[in-house]
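The values are calculated or read from the model by the stated rules, or taken from the named source; none is laboratory data. Just so you know, these numbers come straight off a predicted model, no measurement behind them. No Cβ is skipped: glycine too gets one built from the backbone with ideal geometry, and neighbour counts run over all protein chains shown. What goes into the accessible areas is simple: the full protein's heavy atoms, side chains included, and nothing from ligands, DNA or RNA. Shrake-Rupley method; radii C 1.70, N 1.55, O 1.52, S 1.80 Å.
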Amino acid sequence: MRTRFAGMTDVGLMREHNEDNLLVMPEYHVVAVADGMGGHRSGDVASRLAVSTLSDFFSVTVGRDGTWPFPADPNLTEEENYVVTGLRLANRRIFDRSLKTMADFGMGTTIVTAMFDKNATRVTVGHVGDSRCYRIRGDKITQLTRDHSLVSDALHMAPWMTEEEIKRLPPNVITRALGIREDVLVDLLTEETAAGDIYLLCSDGLSGLVKDPEICDIVVKAPSLDEACRVLIERANFHGGLDNITVVLARVEADQQG
């Protein structure tokens with residue numbers, strides 16, 4: 001099998017500049033979406049640094065005997081080690097940069113990354129924050145990542161909380177992000193793929209405004225991945241465009257028989 005990729009980002013209707021960044025590296029079967037946060041333009045600095053660090057890291061290490069900045073974990077697959085190490089390195093670079101100037105102090109970024117193995121039979125998803133990864137298989141959409149947010153953590157750790165109690169919590173508090181501390185815990189998920197699967201990575205500018213069934217319907221009906229990206233962003237703007245909107249799609253395809 002093989003993978004086909006597409007990605008698009010938009011400032012939205014309410015923001016003056018775009019603090020999202022995306023990464024599409026078909027040659028290494030890697031994609032990522034980063035959603036920056038911080039004062040001034042430092043959110044853009046953080047997300048751009050995350051994406052450029054991943055790009056540099058994969059270019060230097062994948063398929064080469066590159067020097068790893070952290071020890072590889074023998075309990076993880078090759079792809080899992082790449083994803084975790086790349087994100088930890090991005091975290092360290094953002095953290096170090098944030099200490100250099102007051103304008104960048106406290107900046108950070110959420111990120112979600114997916115890496116497919118060479119035959120696209122398996123995908124590894126790593127994430128920090130509330131940028132999400134979904135799998136669309138047939139006409140069913142499944143959220144693969146769990147948001148690192150106050151609301152999501154509360155639901156996960158105290159499932160007995162009532163809807164009224166959840167509503168009292170601040171809705172947009174992120175509990176984990178790149179660049180906030182010297183090291184970071186990366187959540188990992190690895191699964192087998194199937195021909196026809198579409199993996200969707202997005203910032204909360206999409207997932208916060210467009211419901212999962214609507215996302216699925218748009219992707220399934222679109223004639224191409226590029227058109228699906230365009231319509232998803234258009235729909236998020238239709239629903240208010242309150243934030244920057246970024247979406248990356250990866251479709252697993254059967255090899256064409258020659």
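Listing for the model above:
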| quantity | calculated |
| --- | --- |
| Filter result for L13 (touching a strand residue (DSSP E or B) at 6+ places or on another chain (Cβ under 9 Å) and either outside any helix (DSSP H, G or I) or open to solvent by 50 Å² or more (accessible area, probe 1.4 Å) (or both)) | no |
| Close pairs (6 angstrom Cβ cut-off, 6 or more residues apart or separate chains): farther than 11 Å from Y28 by Cβ and modelled with pLDDT of 90 or more in the stretch 51-71, hydrophobic (A, V, I, L, M, F, W, C) and open to solvent by less than 80 Å² (accessible area, probe 1.4 Å) anywhere | V51/L23; V51/A34; T53/L89; T53/A90 |
| Residue within the stretch 107-117 that is under 24 Å from E191 (Cα atoms), among the aromatic types (F, W, Y) and in a helix (DSSP H, G or I) present | no |
| Subset of the stretch 16-48 that is under 15 Å from G179 (Cβ atoms) and in a helix (DSSP H, G or I) - its residue that is modelled with the lowest pLDDT | S42 |
| Identity of the residue in the stretch 63-85, polar (S, T, N, Q) and assigned to a helix (DSSP H, G or I), that ends up farthest from R97 (Cα to Cα) | N81 |
| Filtered residues of the stretch 88-100 (kept if of a type in the set (S, T, N, Q) and either open to solvent by 60 Å² or more (accessible area, probe 1.4 Å) or over 15 Å from V186 (Cα atoms) (or both)) | S98 |
| Test: N75 is among the polar types (S, T, N, Q) and out of contact with any helix residue (DSSP H, G or I) (no Cβ under 7 Å at 6 or more places or on another chain) | yes |
| Exclusive hit being touching a residue at least 60 places away in the same chain (Cβ under 8 Å), among the hydrophobic types (A, V, I, L, M, F, W, C) and farther than 30 Å from G38 by Cα, set A254, A177, A194, A236 | A254 |
| Test: residue in the stretch 49-62 that is in contact with a Gly (Cβ under 8 Å, 6 or more places away or on another chain), within 15 Å of V247 (Cβ to Cβ) and either open to solvent by less than 30 Å² (accessible area, probe 1.4 Å) or in a helix (DSSP H, G or I) (or both) | no |
| Every residue from the stretch 171-200 that is among the acidic types (D, E) and touching a His at 6+ places or on another chain (Cβ under 9 Å) | D187 |
| Identity of the residue in the stretch 101-121, crowded, with 21+ Cβ neighbours inside 10 Å and either free of Cβ contacts under 8 Å to residues at least 60 places away in the same chain or of a type in the set (G, A, S) (or both), that ends up nearest to E19 (Cα to Cα) | G108 |
| Complete set of residues in the stretch 225-244 that are more than 18 Å from the chain's Cα centre (by Cα) and of a type in the set (A, V, I, L, M, F, W, C) | V231, F238, L242 |
| Matching helices (runs of 4 or more DSSP H) fully within the stretch 167-258 where at least 1 residues are at pLDDT 95 or above and surrounded by fewer than 18 Cβ atoms within 10 Å (Cβ to Cβ) | 212-221, 225-238 |
